[in-house]
Amino acid sequence: MHKTKCSKETKDKIIKIHEAKSSAIYINNEDQDDFFLIHHDGCVVINKSGADFILLKSDLKSLAIIELKGISVKDAYNQIVETTKYVNSTNLSTAKKTAIIVNRFWPKATVSLQTLQQRYAKDFKSKLLAARHLSTKKYKEII
């Protein structure tokens with residue numbers, strides 16, 4: 001993979017993933033590994049449902065699908081699912097995947113969140129994580 005209008009290369013120690021007027025998350029990249037940050041929704045896919053970003057390790061073996069949301073967990077889940085299906089239809093289908101919903105107003109572990117996590121694990125053999133706005137996650141812990 002190479003840099004495009006929809007992606008940028010980064011090996012920053014802290015990778016900030018955000019959009020204006022939306023949630024944000026920081027990924028701790030303490031080893032300064034090489035990544036591609038791909039702006040998926042609105043750049044790779046236009047006029048379709050999709051997660052906001054994909055953080056792809058440069059070796060193409062692992063990635064995180066990231067949806068930045070204000071409130072609606074169900075909408076975020078649907079966007080994650082559409083992006084996972086999209087990724088699975090590409091040469092990245094064998095990459096290890098984790099999905100993260102970043103939400104400003106995250107409920108505690110509710111039955112609906114647990115149900116979505118179980119459904120995602122069953123359907124895609126991958127983890128679905130929940131993160132609060134402005135939280136920091138270590139890349140090695142999410143993949």
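Table for the structure above
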{"quantity": "Residue match in the stretch 46-54 (condition: without any contact (Cβ under 8 Å) to a residue 60 or more places away in the chain, touching a Phe, Trp or Tyr at 6+ places or on another chain (Cβ under 9 Å) and more than 22 Å from Gln114 (Cα to Cα))", "calculated": "yes"}
{"quantity": "Candidates Leu116, Leu68, Leu128, Leu63 - the one that is surrounded by 13 or more Cβ atoms within 10 Å (Cβ to Cβ), out of contact with any Cys (no Cβ under 9 Å at 6 or more places or on another chain), touching a residue at least 24 places away in the same chain (Cβ under 8 Å) and not in a strand (DSSP E or B)", "calculated": "Leu116"}
{"quantity": "Matching option when the condition is in a loop (DSSP other than H, G, I, E, B), under 22 Å from Ser135 (Cα atoms) and free of Cβ contacts under 8 Å to residues at least 12 places away in the same chain, among Lys21, Lys16", "calculated": "Lys21"}
{"quantity": "One residue from Asp59, Asp123 being closer than 21 Å to Lys13 by Cα and not hydrophobic (A, V, I, L, M, F, W, C)", "calculated": "Asp59"}
{"quantity": "Residues of the stretch 43-66 satisfying the condition of being more than 22 Å from Ser23 (Cβ to Cβ) and charged (D, E, K, R)", "calculated": "Lys57, Asp59, Lys61"}
{"quantity": "Ile100 more than 18 Å from Lys125 (Cβ to Cβ), surrounded by 14 or more Cβ atoms within 10 Å (Cβ to Cβ) and within 14 Å of the chain's Cα centre (by Cα)", "calculated": "no"}
{"quantity": "Answer residue from the stretch 44-54, given it is among the aliphatic types (A, V, I, L, M) and part of a strand (DSSP E or B) and is surrounded by the most Cβ atoms within 10 Å (Cβ to Cβ) among those", "calculated": "Ile54"}
{"quantity": "Members of the stretch 1-43 that are closer than 19 Å to Arg104 by Cα, at pLDDT 90 or above and either basic (Lys, Arg) or exposed (fewer than 12 other Cβ atoms within 10 Å of the Cβ) (or both)", "calculated": "Lys16"}
{"quantity": "Residue check, Thr136 surrounded by fewer than 17 Cβ atoms within 10 Å (Cβ to Cβ) and over 21 Å from Leu56 (Cα atoms)", "calculated": "no"}
{"quantity": "Unique residue being under 26 Å from Asn28 (Cβ atoms), of a type in the set (Lys, Arg) and either out of contact with any His (no Cβ under 8 Å at 6 or more places or on another chain) or in a helix (DSSP H, G or I) (or both) when the list is Lys137, Lys122, Lys74", "calculated": "Lys137"}
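The values are calculated or read from the model by the stated rules, or taken from the named source; none is laboratory data. All values derive from a computational prediction rather than experimental measurement. Because the Cβ atoms are built from the backbone with ideal geometry, glycine has one as well, and the counts that use them run over all protein chains shown.
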